[in-house]
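No lab work stands behind these numbers, since they all come straight from the coordinates. Because the structure is a prediction, the values reported are computed rather than measured. Using ideal geometry, Cβ is built from the backbone for each residue, glycine included, and neighbour counts are taken over all protein chains shown.
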Amino acid sequence: MAFDSKIPKGEMNEKWNDYKGHVKLVNPANKRKLEVIVVGTGLAGASAAASLGEMGYKVKAFCFQDSPRRAHSIAAQGGINAAKNYQNDGDSVFRLFYDTVKGGDYRSREANVHRLAEVSTSIIDQCVAQGVPFAREYGGLLSNRSFGGTQVQRTFYAAGQTGQQLLLGAYSALERQVALGNVTMYARHEMLDVVMVEDKARGIIARNLVTGELEKHFGHAVLLCSGGYGNVFYLSTNAMGSNVTAAWKAHKKGAYFGNPCFTQIHPTCIPVSGDYQSKLTLMSESLRNDGRIWVPKNKGENRKPVDIPEEERDYYLERRYPAFGNLVPRDVASRASKERCDEGYGVGTTKLAVYLDFADAILRYGKIEAGKMGDHSASEEALIKLGKDVVKEKYGNLFAMYEKITGENPYDMPMRIYPAVHYVMGGLWVDYELQTTVKGLYALGEANFSEHGANRLGASALMQGLADGYFVIPYTLGNYLADEIRTASISTDHPAFVAAEKAVSDRIETLMNIKGKQTVESFHKRLGLIMWDKCGMARNEKGLNEAIEQIQALKKEFWSDVRIPGEVKGMNPELDKAGRVADFIELGELMCKDALARNESCGGHFREEYQTEDGEAKRDDENFSFVSAWEYMGESDWKLNKEELKFDIVKPTQRSYK
Amino acid sequence: MNLTLKVWRQKNNQSEGSLETYQVKDISSEMSFLEMFDVLNEQLIIAGDQPIAFDHDCREGICGMCSMHINGRAHGPWTSNTTCQLHMRAFKDGDTIVVEPWRSKAFPVIKDLMVDRSAFDRVIQAGGFISVNTGNAVDANSLPIDKKNADDAFMAASCIGCGACVATCVNSSAMLFVSAKVSQLALLPQGAPERESRVLNMVAQMDKENFGNCTNTYACEAECPKGISVANIARMNKEYLHASLTTES
């Protein structure tokens, strides 16, 4: 199996330009003969499908929701990074590249990250051209704000719904191509397998979720833009339907899985309130621009937060990390909050929460507004009112979301927050061209492992999804398809398609015939608990081994005792869920094995046995400076392939945000 | 709390549907409405019955998939709120809650509470975009945009495409949805080159889709989970009139 990252030679800041200058091209007439399948229509999928359709390829796009605009990219809140340096505060392509490699705790591929920084500026230009309504200053130019892990203001945003606006931009471009006939959209369809003809990916088996029928689809190439697998933890900020199925099927057909245990726990989410909880809700990192995180200095504190004076508050992020304060990267912030709660300083009924407090920011903004009006003698009450209006403009929808869920008013009292699973840096292994180890099979966006190393910085997922779809795949896909122009579309009556469809159909029949006693949801919850307890924020050898045994046992139980009501024909959401949970169970085992094999701590992967004296992640660069690319060999059986990482520009050091 | 639910059940698009009654017990007031439905569905599956099919995904009020008419109101009793954001503290022990899908000829029922909203995608396909290919853009800051227009465009762009406006409207009009998109792009200079054709084409598609006409009841704005303003409808009427009068042929 080819396992070459295909990083171009040359100086770091010339690799991508050289690549583009020499890459094979497909002429316009030939593009019209080539068919491309895109699975998933989030930022990566919609931008890829739209761009490839514009170029003249025949695109088929698939999503399991009722419309491409429902992809979970829509929920991203805080912003998108780009190295524009509009704020004149020291940003540059190099700075963004450096911050991202460091933020990833030196476990990503420099060349990919540098390219990401290079194209980041074009993304903003494209979005503005599409009519994405970014926030603007009074002079009419774009606004920026800060995000974690950096000291410049490079994040572009649209209040607290940047993801929605970016996705709607890509969605509108996609719909234009649908109207022009360049893209055929298959909504309410779920990809259930990759079809291999000889050694190339040549299509997919998709299930029409309304009729229950299977369909065979040919493509000269297949792009998986199917998002992340955070739902393996059951509780995460992902949407209910988010799943690993498309990537997992690819993995079983030969696509290596990269760094599966690199999962991101976001520090500021609304805490769990009960057993019935179905998901966790994110409170954007952008809030950490203005909110201050603290816990009471006294254990067993019973007073309301507003009654606790300053001296009795522990602003622990500011205390431990003076240089970055509340804006330390997510892994650092999450572990710090967990540490305080484990030590007994947590707040709320469960004591598994900390405060995110806006009182100071409200007063500060109030003073600025009063100053603008020339009023230097306003009462504190008046200042607070002015300040609340400013906060409402910046974060309004986020504050409203918080209130709906908790019933508490975050304008008058601090928010209670706790870390939650949010994003996965791991995913299908891809080379510089975003191709997996299966020829003709590509992975874009959160579905692939690249660029974020062991920890993703805020506002960079939106950047990566759009970079992959708008500005990378249009070039790299041509390099592969240029050699496919003589390949006529293969009929879906080809034995490979028929066999693949039968295999999927057999699996569905097997699932339906188990007719056990336990619901799909109950298995999912149990898996989630094992993963959160033993493969979550802090991992150790004993726990991981236990988890692997427990998951193997859970798998046997699932396949002998799951109950799926209804029929194969027609709409059956329980059957849809069952297939996804079956795949999550297998993924969970791989994640634990990956965490067990990586005897170091880096980014979001924290092995208790490998930490510094002050509780920070302790990397072992000598032995673990590689990407773990797992190859599926059979049930519960994987082979570890290593992609050694070389750092030419950003030399690995102990990551410090002090 | 213990509650009685009357839920619309319909096997598929061709079948007749009806309201079925269910009892749920020990529902925590901190649960969300859909979490209560999860509890009910688990109950039904264990009893060997068919769970209730309903659209949902993000459960945080942004994707626009959830679409339940609760006690006669689209998305339930709270203001500026989606079905998934509704929490059980809105109800009391012993309440009866009637749950139905969106009712509109333009949104055929697929199963139980799920409807087909592809009409919305078709309206967007007719013109809800700016025709710019990838790679053609000038520097993002070369076009300063008046902050008020930028903010109003953003407010119009907040539409999540859930269809509550259509469902709540006595005429099943889609004017709020269409006008939100038309407004966003009419307020921004990037939308200027296609301003006339966009509104004419989108309205033409809207008319083809079995939506009704607008009679200015303002129910749509009242129920919209994102608070989209009927001012957008007024703006679209102006855009439509202008385009109709100035477009040649």
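Annotations
- Sites B:LYS6 and A:ASN513 - FRET efficiency at Förster radius 41 Å, r taken between beta-carbons, to 0.05: 0.75
- The label point for A:GLU635 and the one for A:ASN540, both projected 7 Å from the Cα toward the Cβ, are 3.3 nm apart.
- Trypsin sites (Lys or Arg not before Pro) restricted to DSSP loop in the stretch A:445-540 with at most 14 other C-beta within 10 Å: A:ARG486, A:LYS515, A:LYS517
- Alpha carbon centroid spacing (whole Å) that separates the stretch A:436-484 from the stretch A:60-93: 14
- Shielding by partners, peptide A:133-145 (average Cβ within 10 angstrom, other chains): 5
- Across q = 0.06 Å⁻¹, chain A modelled as identical point scatterers on its alpha-carbon atoms has Debye log10 I(q)/I(0) values of -0.32, in the order of the q list.
- Ratio of Rg to Rh for the stretch A:266-421: 0.97 [Cα atoms; Kirkwood radius as inverse mean 1/r over pairs].
- Stokes-Einstein, applied to the Kirkwood radius of the stretch B:113-158 over Cα pairs at a viscosity of 1.567 mPa s and 4 °C, places its translational diffusion at 94 µm² s⁻¹.
- By the Kirkwood approach, averaging reciprocal distances over each pair of separate Cα atoms, the stretch B:3-111 gets a hydrodynamic radius of 14.4 Å.
- Label zone at A:GLN552, where the point sits 7 Å out along the Cα-to-Cβ direction: the stretch A:622-638 residues whose backbone N lies under 14 Å: A:634-638
- Its residue count N fixes a reference of 2.2 N^0.38 Å for the stretch A:410-522, and the Cα radius of gyration divided by that reference is 1.59.
- Residue-averaged beta-carbon neighbours from other chains (10 angstrom radius) around A:172-183: 5
- Spin-label model, A:VAL568 to B:THR21: label points 7 Å out along the Cα-to-beta-carbon direction sit 3.9 nm apart.
- Mean projection area, nm², convex hull over Cα of the stretch A:147-213: 8.8
- Evaluating 6.51 cos²θ - 1.76 cosθ + 1.60 at θ = phi - 60° for every residue in the stretch B:148-157, the Karplus couplings come out as 5, 5, 4, 5, 5, 4, 4, 4, 5, 6 Hz, glycine and proline recorded as x.
- B:THR79 versus A:ALA482: modelled label distance in nm, points set 7 Å from Cα along the beta carbon direction: 6.1
- Centre separation in Å (Cα based) which lies between the stretch A:161-234 and the stretch A:323-353: 38
- Span from the the stretch A:360-419 Cα centroid across to the the stretch B:91-158 one, whole angstrom: 29
- The GNM of chain B, with springs linking C-alpha atoms under 10 angstrom apart, assigns the highest mean-square fluctuation among B:LEU143, B:LEU34, B:LEU19 to B:LEU143.
- Backbone N under 18 Å from the B:LYS105 label point (7 Å along Cα→Cβ), restricted to the stretch B:8-50: B:14
- Applying a DSSP loop filter and a limit of 16 other Cβ atoms within 10 Å to the GluC sites (Glu not before Pro) in the stretch A:552-658 leaves A:GLU567, A:GLU608, A:GLU609, A:GLU613, A:GLU635.
- Once the gyration tensor of the Cα atoms in the stretch B:117-246 is diagonalised, the equivalent ellipsoid follows with semi-axes of 25, 16, 14 Å, ordered largest first.
- Cα-based Rg / Dmax (Å) for the stretch A:501-644: 18.1, 59
- With a Förster radius of 45 Å applied to the C-beta separation of B:ALA222 and A:ILE368, the computed FRET efficiency comes to 0.80.
- Shielding by other protein chains, B:149-157, mean Cβ within 10 Å: 5
- In whole angstrom, the stretch A:1-119 maps to an equivalent ellipsoid with semi-axes of 29, 23, 15, each derived as √(5λ) from the alpha carbon gyration tensor and ordered largest first.
- Listed peptides A:18-27, A:149-158 by packing density, highest first (mean Cβ within 10 Å): A:149-158, A:18-27
- Trypsin sites (Lys or Arg not before Pro) lying in DSSP loop within the stretch B:7-103, provided at most 13 other Cβ fall within 10 Å: B:LYS25, B:LYS92
- Expected-Rg normalisation [2.2 N^0.38 Å, Cα atoms] applied to chain B: 1.14
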